[in-house]
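What follows is a set of notes on a single structure, which appears directly below.
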Amino acid sequence: MFPFELLSSEASAANLLEQVRWREGLCCPLCRSKSVIKHGSYREYQRYLCEDYDRTFNDKTGTIFAHAKVGFDKLLFAFYSLLRFNTSIRQLDAEIDVSYRSLCRRVEQFARTLDAPDISLVGPVEINEFYVSAGKKGRERDSRSRSRALSKHGRGTYEEDKSPVFTLVDRGTGQRYVVPAKSADEATVRLLLNNHKKESLTVDTDGFPAYDPLEDDENFHREAVIHGGGEYVDGDAHVNTCESHASLARRWLSPHRGVSKDKLTAYLRPLQLRRRILRKPGRGALKQIIREVL
């Protein structure tokens, strides 16, 4: 359900921010002191005075919402709609009457604030890669525009504006990760699989040569399914979950009508948060969104 009652006014959104931010007790964001008293108000927000630091602050101080000219209720509406419905920034611009540039800047700031995924693997693990056509959107070009009609199908490179993106699925924990990379090679694969708890991690892959060195590494037990030979499942070995998650990532990127490869991480990181709020009701999802950026 859409949480209309929480986003109907800035006062309602401000009350939610207060509940989430100080859920573990009120403290000064500047010096972490607990010697804090209420000290008037700032618009719809409660203002506080730190008796140790002798400075005032409010519920937005020290967050990405501080000094924002866009109302907090409108920002929450934008973040919620982006994550829940994959709404494009152009459509959000029309819905909440905020300039595209301001909204784009705030959404990018929101994406940069999200923590990078902590990849800790239990196994067995699926790993696969797909490629995203991502160029120099938003930057001044130093050469002629590439011809989309002549672009190559299949695998590409970051330099050719077809960036590799790895998907990992840990069947032991149920966690899924989408990680952009600048190259699809052995070094990147080892970096992604480096943090695992078992001495020998079971890894399911396809026949891509970058995974071949795992065969001779005692830290890994590789199970390969060779798609080129018509093999997609071999017992419990497959990368079907990775391919399914890759299709979701492509759909996630499609409303943006072109992606900058410099900002591919910022485009994909909210996808991780989207999965965490997928089954939560509106109020719970909004609280999770706020917690992620505080």
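The values are calculated or read from the model by the stated rules, or taken from the named source; none is laboratory data. Keep in mind the model is a prediction, meaning the values are calculated, not measured. All Cβ positions, glycine included, derive from the backbone under ideal geometry; neighbour counts span all protein chains shown. Please note that ligands, DNA and RNA were not included when accessible areas were found on the heavy atoms of the full protein model with its side chains. Shrake-Rupley method; radii C 1.70, N 1.55, O 1.52, S 1.80 Å.
Sorting Ile226, Ile89, Ile127 by accessible area puts them as Ile226, Ile89, Ile127; the probe is 1.4 Å, largest comes first, and only protein heavy atoms count. Spin-label model, Ser183 to His39: label points 7 Å out along the Cα-to-beta-carbon direction sit 5.4 nm apart. Solvent-accessible area assigned to carbon and sulfur over the stretch 63-116 amounts to 46 percent, based on a 1.4 Å probe. Each residue, Arg90 and Val70, gets one label point 7 Å from its Cα in the Cβ direction; the gap between the two is 1.7 nm. Computed from Cα positions, the angle between helix 264-277 and the longest principal axis of the chain comes to roughly 70 degrees. Put Lys38, Lys280 in order of accessible area, highest first, and with a 1.4 Å probe you get Lys38, Lys280.
Fully extending the segment from Cys31 to Cys104 would add 23.1 nm, taking 0.36 nm per residue of separation and subtracting the current Cα-Cα distance. Rounded to the nearest 10 degrees, the angle from helix 240-253 to the longest Cα principal axis of the chain is 50 degrees.
For the chain, the relative contact order works out to 20 percent when only alpha carbon pairs closer than 8 Å and six or more residues apart are counted. Checking (i) 40, 37, 18; (ii) 41, 24, 17; (iii) 30, 24, 18 against semi-axes √(5λ) of the Cα gyration tensor in Å calculated from these atoms, the matching label is (ii). Taking the empirical scaling 2.2 N^0.38 Å for compact globular proteins as reference, the stretch 65-114 has a Cα radius of gyration ratio of 1.00. To the nearest 10, the accessible area of Asp234 is 80 Å² with a 1.4 Å probe. Each part reduced to its alpha carbon centroid, the stretch 209-276 and the stretch 43-113 end up 32 Å apart. The mean accessible area for residues of the stretch 1-145, using a 1.4 Å probe and ignoring ligands and nucleic acids, is 55 Å² per residue. Shape call for the stretch 164-228 from the C-alpha gyration tensor, a ≥ b ≥ c root eigenvalues: rounded (a/c under 1.5), prolate (a/b greater than b/c) or oblate? Taking the square roots of the gyration eigenvalues as a ≥ b ≥ c, the stretch 164-228 is rounded. Sorting Tyr232, Tyr158, Tyr100, Tyr80 by solvent-accessible area of protein heavy atoms yields Tyr232, Tyr100, Tyr158, Tyr80, largest first, with a 1.4 Å probe. Karplus-derived 3J(HN,Hα) values for the stretch 70-79, using 6.51 cos²θ - 1.76 cosθ + 1.60 with θ = phi - 60°, are 7, x, 4, 5, 5, 5, 5, 4, 5, 5 Hz; glycine and proline are entered as x. When cysteine pairs in the chain are screened for C-beta atoms closer than 4.7 angstrom, the residues that find no partner are Cys27, Cys31, Cys104, Cys242.
Measuring spread by the Cα atoms of the stretch 247-294 yields a radius of gyration and Dmax of 12.3, 34 Å. Checking the a/c ratio against 1.5 first, then a/b against b/c, what shape does the Cα gyration tensor give for the stretch 15-77? It comes out prolate by the Cα gyration axes.
Ordering Ser133, Ser120, Gly172 by the projection of their Cα atoms onto the charge dipole of the chain, which places +1 on the Cβ of Lys and Arg and -1 on the Cβ of Asp and Glu, puts Ser133 at the extreme positive end. Simple rule: put +1 on each Lys or Arg Cβ and -1 on each Asp or Glu Cβ in the chain, find the dipole, and look at Gln288, Gly230, Ile89; the Cα lying farthest toward the positive end is Ile89.
Pairs over the 26 Å Cα-Cα cut-off, from the set Lys69/Lys261; Lys34/Lys60; Lys197/Lys287; Lys197/Lys261; Lys60/Lys287: Lys69/Lys261; Lys197/Lys287; Lys197/Lys261.
Take the alpha carbon gyration tensor of the stretch 149-294, find the square roots of its eigenvalues, order them as a ≥ b ≥ c, and report rounded if a/c is under 1.5; if not, report prolate when a/b exceeds b/c, else oblate. Verdict is oblate for the stretch 149-294.
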